[in-house]
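The values are calculated or read from the model by the stated rules, or taken from the named source; none is laboratory data. Remember, it's a predicted structure, so these values are computed and weren't measured experimentally. Neighbour counts run over all protein chains shown; Cβ positions are idealised from the backbone, glycine included. Quick note on the areas: whole protein, heavy atoms, side chains included, nothing else; ligands and nucleic acids left out. Shrake-Rupley method; radii C 1.70, N 1.55, O 1.52, S 1.80 Å.
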Amino acid sequence: MKYVEKRVKKEIRRQVNLLSGDIIGVAVSGGKDSMVTLYLLHRILGERRDIEIQCITVDEGIDGYRPESIEIVKKFCADLGIKYNQASFAEMFGVTMDEAAPVSGDSSPCTYCGVFRRNAMNDAARKMGATYLATGLNLDDTAQSIMMNFTRGDVERLIRLGPHKRIQPGLIPRIQPLRMVPEKESLLYAIAAGIPYHDGTCPYSDEALRNQFRNVIDELETRSPGTRHSIISSYDQMLPMLTAASKPAKLKKCACGEPTIGEQCKACELRGVLSERVKGP
Ligand code: SF4
């Protein structure tokens with residue numbers, strides 16, 4: 001447990017220079033990684049009275065999955081004395097994932113869910129005045145995200161993966177305290193520390209492209225231990241060059257209030273597509 005805590009403290013110091021008055025919104029789904037992130041931030045920074053930690057949970061509208069985890073998060077926040085905030089797809093986008101999934105067409109439901117969730121978390125963080133948004137991405141998730149964007153050739157998104165050094169108006173910079181903690185160690189830490197978490201599986205997760213990358217990287221890690229660290233280390237060495245070579249896109253404001261490169265943000269574009277499909281011809 002001390003080893004995990006030491007690495008998380010080091011990562012926080014490496015990623016961010018926290019100042020008096022900072023508010024950290026922590027995106028918490030109720031799964032082990034986000035619960036460990038909330039717990040550790042509270043444990044490490046809890047004594048700093050000049051920094052506030054708040055929880056943000058997004059309700060995607062997935063029956064039999066999300067309601068249970070929301071109850072676990074709410075109770076944990078009450079036990080730790082952390083303010084709980086909730087955003088919901090139904091309220092923000094007028095559609096739940098249970099309505100969106102059957103009409104997601106050639107795309108995986110996760111494509112819609114990921115875009116909506118990023119938008120909902122940023123919106124909630126901005127509204128509560130957060131200066132940083134912490135996510136529970138662990139070492140495995142980070143290596144997968146790097147490889148997914150790399151193989152897709154999505155350099156723009158590769159640069160934006162975070163943790164964010166470049167501050168852009170309207171976008172709350174993300175920090176990833178568990179970035180160097182392997183998934184299995186995060187699980188062990190949750191068990192050892194007695195942190196409650198929801199271990200249900202989203203009914204749409206089978207369709208996630210991420211699963212294929214998880215399998216490939218797990219296989220590589222088994223054959224050559226240290227692969228995940230190498231992927232992240234290569235990325236960290238390349239990032240300053242990629243950032244220097246790309247001009248930051250000039251952001252406009254979408255009608256919904258979110259920053260966007262075009263006239264309309266991706267979430268509003270997808271919401272339009274879905275509402276047509278949900279309504280039918
Ligand atoms: S598995 Fe996909 S649909 Fe389910 S919560 Fe995650 S991103 Fe959303």
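Odds and ends about this structure:
- Restricting attention to the stretch 187-229 and to residues that are hydroxyl-bearing (S, T, Y) and in a loop (DSSP other than H, G, I, E, B), the residue that is farthest from the ligand (Cβ to nearest atom) turns out to be S224.
- The stretch 22-51: number of residues that are open to solvent by less than 50 Å² (accessible area, probe 1.4 Å) and either away from the ligand (no atom under 16 Å from the Cβ) or in contact with a Cys (Cβ under 7 Å, 6 or more places away or on another chain) (or both): 16
- Filter result (outside any helix (DSSP H, G or I) and either in contact with a Ser or Thr (Cβ under 9 Å, 6 or more places away or on another chain) or near the ligand (Cβ under 8 Å from one of its atoms) (or both)) within the stretch 97-114: S104, S108
- Positions within the stretch 16-47 being assigned to a loop (DSSP other than H, G, I, E, B) and of a type in the set (D, E), in sequence order: D22, E47
- Residues that are of a type in the set (D, E) and at pLDDT 80 or above, drawn from the stretch 245-281: E258, E263, E269
- When each of R66, R117 is tested for being open to solvent by less than 60 Å² (accessible area, probe 1.4 Å), within 14 Å of the ligand (Cβ to nearest atom), touching a strand residue (DSSP E or B) at 6+ places or on another chain (Cβ under 8 Å) and of a type in the set (K, R), the lone residue that passes is R66.
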